[in-house]
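The values are calculated or read from the model by the stated rules, or taken from the named source; none is laboratory data. A quick note: this is a predicted structure, and the numbers were derived from the prediction, not measured. Ideal geometry is used to build each Cβ from the backbone, glycine not excepted, and the neighbour counts take in all protein chains shown.
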Amino acid sequence: MSEVIHRQDTRQVRVGDLTIGGKNEVVIQSMTTTKTHDVDATVNQIGDLVQAGCQVVRVACPDEKAADAIPEIKKRITIPLVVDIHFDYRLALKAIEGGADKIRINPGNIGKRDKVEAVVNAAKEKGIPIRIGVNAGSLEKHILKKYGYPTADGMVESALHHIKILEDLNFYDIIVSLKASDVSLAIEAYEKAAKVIPYPLHLGITESGTLFAGTVKSSAGLGAILSKGIGNTLRISLSADPVEEVKVARELLKSFSLASNAATLISCPTCGRIEIDLISIANEVEDYISEIRAPIKVAVLGCAVNGPGEAREADIGIAGARGEGLLFRHGEIIRKVPEETMVEELKKEVDKLAKEYAQE
Ligand code: SF4
């Protein structure tokens, strides 16, 4: 099996207790949709995101009220907190003071040099990184003038422009994103950026759409980028509950074997040979394994005709037979189980294997 060779030569940047870049795994991010000043709602949503597998969370900080909420949010969550600020350096200072683990702000948009310096010095003092977020839809006027419209070269030039501002102040804890809602443009921009930017890259296809369309679009774009070994963190941006963003991100990383702590479901497409209610079983098993934190492959097959052979790479699986199921582990049938209990039996085997992983 050929594996994605992950780009490992980026600088490593600490975000809370995580290290992003270098040899580290791609980190899943999401963003809350609650009003940040509503601390209870925001903390609750972050709890749901964590349960789904989110590793870093970003909150919007559009005003003073939101910035004031940062210390309390930070106190009540378990994953690193990124605070997203546009332009206003005072909000950035407040967020940093309040315990943000990273801020997302474009230094070129902050204004006069003394303001930029104030933000950079505060970030330096707290040892937190800054994410530069280039967006094809809001490139600087001078870049648009030069290229005529948003291009990959223009996006990379914009990123380099912001990077230079930070580097000139001896600040190097930088993460960069180059988002576009046009998939081909985003792919090209990230490919070009990976060649000239030594900092970790945060991936995203912006404004990708609703749950269904956005999942397809994000997976097409980010899949192409990840397949080239590019990307250190990612967010799937959906017009949906952010928990869905995390689920899609995990699934995408699993497709490239880039998530070492997630179980994968292999389920047959079904055909006329089907012997069990495979679709509902597959959904139930998928739900169950979403909280398993071990790289286990679980197969659910509609019949035993091709049986375990169809899912040879699965660790554990079940194949439907008339009125019963064949439970198999690493390609070998271990026992027959009645149809009514086969899902429970499968879950037991999954738990057993997860425990074995935990003990390793
Ligand atoms: Fe059809 Fe059986 Fe293959 Fe599923 S496992 S696709 S039911 S032959």
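Considering the conditions (1) modelled with pLDDT under 90; (2) buried (at least 18 other Cβ atoms within 10 Å of the Cβ), residue 294 is excluded by exactly one of them, (1).
Listed by position, the strands (runs of 3 or more DSSP E) contained in the range 211-317 that have at least 2 residues being within 16 Å of the ligand (Cβ to nearest atom) and touching a Lys or Arg at 6+ places or on another chain (Cβ under 9 Å) are 264-267.
Set side by side, the residues 175, 128 differ, and just one is closer than 27 Å to residue 24 by Cβ, part of a strand (DSSP E or B), assigned by TED's automatic domain parsing to the domain that holds residue 107 and modelled with pLDDT of 95 or more, which is 175.
The residues of the range 7-32 that are over 14 Å from residue 81 (Cβ atoms), loosely packed, with under 15 Cβ neighbours inside 10 Å and in contact (Cβ under 8 Å) with a residue 40 or more places away in the chain amount to a single one, 9. Pairs are defined by a Cβ separation below 9 Å, a sequence spacing of at least 6 or placement on different chains, a first member in the range 200-218 that is over 16 Å from residue 184 (Cα atoms) and in the same structural domain as residue 27 (by TED's automatic domain parsing), and a second member that is β-branched (Val, Ile, Thr) and assigned to a loop (DSSP other than H, G, I, E, B); the pairs so defined are 200/10; 201/10; 201/230.
Among (1) away from the ligand (no atom under 16 Å from the Cβ); (2) farther than 30 Å from residue 48 by Cβ; (3) crowded, with 18+ Cβ neighbours inside 10 Å, which single condition is residue 321 missing? Of the numbered conditions (1) away from the ligand (no atom under 16 Å from the Cβ); (2) farther than 30 Å from residue 48 by Cβ; (3) crowded, with 18+ Cβ neighbours inside 10 Å, the odd one out for residue 321 is (1).
Whenever a residue of the range 158-175 is touching a residue at least 60 places away in the same chain (Cβ under 8 Å), its partners that are among the polar types (S, T, N, Q) and part of a loop (DSSP other than H, G, I, E, B), lying with C-beta atoms within less than 9 angstrom and at least six residues away or across chains, give the pairs 175/232. Within the set 340, 332, 313, the sole residue that is in contact (Cβ under 8 Å) with a residue 40 or more places away in the chain, surrounded by fewer than 19 Cβ atoms within 10 Å (Cβ to Cβ) and either more than 30 Å from residue 234 (Cα to Cα) or not assigned by TED's automatic domain parsing to the domain that holds residue 230 (or both) turns out to be 313.
One residue alone among 21, 99 is at pLDDT 95 or above, more than 21 Å from the chain's Cα centre (by Cα) and on the phi > 0 side of the Ramachandran plot, and that residue is 99. Beta carbons closer than 9 Å, at least 6 apart along the sequence or on distinct chains, pair a first residue in the range 262-279 that is at pLDDT below 90 with a second that is more than 11 Å from the ligand (Cβ to nearest atom) and assigned to a loop (DSSP other than H, G, I, E, B) for 275/322; 275/323.
The criterion of being surrounded by fewer than 22 Cβ atoms within 10 Å (Cβ to Cβ), touching a Phe, Trp or Tyr at 6+ places or on another chain (Cβ under 7 Å) and at pLDDT 95 or above does not hold for residue 94. For the range 219-273, the set of residues classified as of a type in the set (Val, Ile, Thr) and either in contact with a Leu (Cβ under 7 Å, 6 or more places away or on another chain) or surrounded by 20 or more Cβ atoms within 10 Å (Cβ to Cβ) (or both) consists of 225, 230, 233, 236, 243, 246, 248, 264, 270, listed by residue number.
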